[in-house]
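These notes are about the structure you will find just below.
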Amino acid sequence: MNPNLPPLLKDKKIALGVCGSIAIYKSIEILRNLQKLGAKVRIVMSDKSQDFIHPLLFETLSNYEVLCSQTQKWSQSPNNHIEIASWADLFLIAPCTANSINKIAYGIADNILLESFLAFDKTKLIAPAANTKMLENHATLESLEILKQRGISIINPQSKELACKQIGNGALAEPLEITYQVIRAFYQKDFWQDRQIGISSGGSREKIDSVRYLSNYSSGKMGASLALASYFLGANVTYIGSLLPYTLPLAIQTIHTETSQDFLQSIQKWQNSSISNKRPFLFMSAAISDYIPKNPLNYKLKKEQIGKEWNLSLEKNIDILQSLSPKQYTIGFKLESQNGIQNATKALQEKHLDAICLNEITQDFTPLNSQKNHIVWIDKTGKKDLGECDKFSLALKILQEAENL
């Protein structure tokens with residue numbers, strides 16, 4: 001499932017270059033993704049790309065005249081490789097063939113697309129799409145390294161069935177993954193870049209028997225939104241959760257957990273592996289059960305064995321936050337239906353947290369399994385109401401507050 005993101009690319013100007021590849025049909029979805037996020041997108045087509053798609057299709061969808069060898073002009077309404085290089089904030093080539101990769105590396109500009117890319121001096125991304133043998137040829141690998149050294153971001157292809165019907169590396173990355181990397185290119189901040197971020201998310205599932213478990217209504221959407229926002233800001237993100245409500249970027253390490261013990265062990269493992277010059281952050285948005293079944297069974301308990309009533313014996317669960325070493329900034333989450341500020345402030349002090357995010361259930365609103373949330377940020381200096389809005393926008397606000405810890 002794709003997240004419902006706000007217009008993160010509002011008024012951003014993006015040049016989308018397309019090469020002659022069978023993967024060009026995915027460029028249409030990339031274009032639409034960027035437009036939905038508010039971007040203005042203009043298309044630059046190589047001559048070979050027109051063997052696959054007519055420029056009229058891109059012109060209709062983009063609402064801009066396509067730049068290709070037939071449309072380049074220098075009149076009062078210019079549409080040429082110099083003009084578009086000045087216009088765009090970011091230049092993305094998707095798909096980018098092995099031929100174009102090698103030409104870009106050595107400064108060859110023998111078509112309108114390569115001329116435009118050469119003239120562009122801001123943020124550049126390319127998404128390769130080629131047969132495995134062409135992509136992994138020494139010449140192409142060397143060219144990709146040259147491009148990386150020049151600061152051009154490479155959106156790695158994926159391994160799947162190619163046009164030749166063989167399985168191999170070289171298929172264009174998924175449009176959503178490409179879209180994610182474009183957003184990250186615009187939003188990276190020095191504070192978060194290469195910082196380790198751990199996020200626990202979703203509800204724990206505590207075993208009753210082999211088919212039943214004790215859990216809660218947590219959807220994992222707040223945690224997934226935090227993971228996505230942290231990634232966009234440039235962090236190295238580890239998502240530890242029982243639920244994955246959205247498709248996350250491939251760069252986010254995802255660890256599936258079920259029980260509270262799973263959560264504890266996975267978080268401790270993340271703590272021990274988070275080695276960085278920047279102090280890590282841990283966002284504990286998971287809803288861990290306060291009580292767990294005392295005697296879980298390894299078989300299915302039949303209703304004939306239970307009888308008319310079922311009295312389930314529970315015992316108090318471990319407190320994960322109090323079980324962790326304070327190696328990182330730790331931000332807790334607390335859901336309350338009454339005395340929220342008082343209870344959250346008490347938890348902040350007793351669990352030695354750096355901050356806590358309070359969400360409250362009222363008769364009119366619940367954040368559980370909702371696209372929206374209402375957060376009050378509380379730290380040692382006081383509290384700040386972040387308001388009610390979609391969970392992704394709240395995630396950005398939470399991260400903004402976290403920068404001040």
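The values are calculated or read from the model by the stated rules, or taken from the named source; none is laboratory data. Please read these numbers as outputs of a predicted model, since none were measured by experiment. Positions of Cβ are generated from backbone atoms using ideal geometry, with glycine treated the same way; all protein chains shown enter the neighbour counts.
Structure summary
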{"quantity": "Matching residues in the stretch 356-375 - criterion: being touching a helix residue (DSSP H, G or I) at 6+ places or on another chain (Cβ under 7 Å) and outside any loop (DSSP other than H, G, I, E, B)", "calculated": "356, 357, 358, 360, 372, 373, 375"}
{"quantity": "Tabulated pairs, the stretch 14-33, first charged (D, E, K, R), second part of a helix (DSSP H, G or I), C-beta under 8 angstrom, 6+ apart or interchain", "calculated": "26/175; 29/175; 32/61"}
{"quantity": "Which listed residue is buried (at least 23 other Cβ atoms within 10 Å of the Cβ) and in contact (Cβ under 8 Å) with a residue 40 or more places away in the chain, from 239, 217", "calculated": "239"}
{"quantity": "Verdict on residue 215 being at pLDDT below 95 and not acidic (Asp, Glu)", "calculated": "yes"}
{"quantity": "The lone exception for residue 20 - which of (1) more than 14 Å from residue 126 (Cβ to Cβ); (2) touching a Cys at 6+ places or on another chain (Cβ under 6 Å) it fails", "calculated": "(2)"}
{"quantity": "Top-ranked residue of the stretch 56-69 - restricted to ones that are in contact (Cβ under 8 Å) with a residue 12 or more places away in the chain and not in a helix (DSSP H, G or I), ranked as surrounded by the fewest Cβ atoms within 10 Å (Cβ to Cβ)", "calculated": "69"}
{"quantity": "The stretch 189-216, residues that are within 23 Å of the chain's Cα centre (by Cα) and more than 19 Å from residue 269 (Cβ to Cβ)", "calculated": "189, 190, 191, 192, 193, 194, 203"}
{"quantity": "Selection status of residue 32, modelled with pLDDT of 95 or more and within 13 Å of residue 113 (Cα to Cα)", "calculated": "no"}
{"quantity": "Pick from the stretch 70-92, criterion of a type in the set (Val, Ile, Thr) and under 34 Å from the mean Cα position of the chain (by Cα), ranking: surrounded by the fewest Cβ atoms within 10 Å (Cβ to Cβ)", "calculated": "82"}
{"quantity": "Among the candidates 37, 114, residue that is surrounded by 21 or more Cβ atoms within 10 Å (Cβ to Cβ), out of contact with any Asp or Glu (no Cβ under 6 Å at 6 or more places or on another chain) and assigned by TED's automatic domain parsing to the domain that holds residue 169", "calculated": "114"}
{"quantity": "Among residues of the stretch 176-212, those that are touching a Gly at 6+ places or on another chain (Cβ under 9 Å) and either assigned to a loop (DSSP other than H, G, I, E, B) or surrounded by fewer than 17 Cβ atoms within 10 Å (Cβ to Cβ) (or both), counted", "calculated": "10"}
{"quantity": "Qualifying positions in the stretch 362-404 - within 16 Å of residue 344 (Cβ to Cβ) and either of a type in the set (Lys, Arg) or exposed (fewer than 15 other Cβ atoms within 10 Å of the Cβ) (or both)", "calculated": "362, 380, 381, 382, 383, 384, 385"}
{"quantity": "Residues of the stretch 301-342 satisfying the condition of being of a type in the set (S, T, N, Q), outside any strand (DSSP E or B) and touching a residue at least 12 places away in the same chain (Cβ under 8 Å)", "calculated": "313, 317, 322, 323, 325, 328, 337"}
{"quantity": "Residues located in the stretch 27-48, provided they are assigned to a helix (DSSP H, G or I) and closer than 23 Å to residue 12 by Cβ", "calculated": "27, 28, 29, 30, 31, 32, 33, 34, 35, 36"}
{"quantity": "Answer residue from the stretch 306-315, given it is of a type outside the set (Phe, Trp, Tyr) and surrounded by 10 or more Cβ atoms within 10 Å (Cβ to Cβ) and is farthest from residue 205 (Cα to Cα) among those", "calculated": "306"}
{"quantity": "Exclusive hit being within 24 Å of residue 359 (Cβ to Cβ) and either part of a loop (DSSP other than H, G, I, E, B) or outside the structural domain of residue 320 (by TED's automatic domain parsing) (or both), set 244, 250, 264", "calculated": "244"}
{"quantity": "Set 24, 53: member being in the same structural domain as residue 181 (by TED's automatic domain parsing), among the hydrophobic types (A, V, I, L, M, F, W, C), outside any helix (DSSP H, G or I) and over 23 Å from residue 188 (Cβ atoms)", "calculated": "53"}
{"quantity": "Residue check, residue 170 farther than 19 Å from residue 19 by Cβ and touching a residue at least 12 places away in the same chain (Cβ under 8 Å)", "calculated": "no"}
{"quantity": "Subset tally (residues that are under 26 Å from residue 220 (Cβ atoms) and either over 21 Å from the mean Cα position of the chain (by Cα) or among the charged types (D, E, K, R) (or both)) for the stretch 1-34", "calculated": "1"}
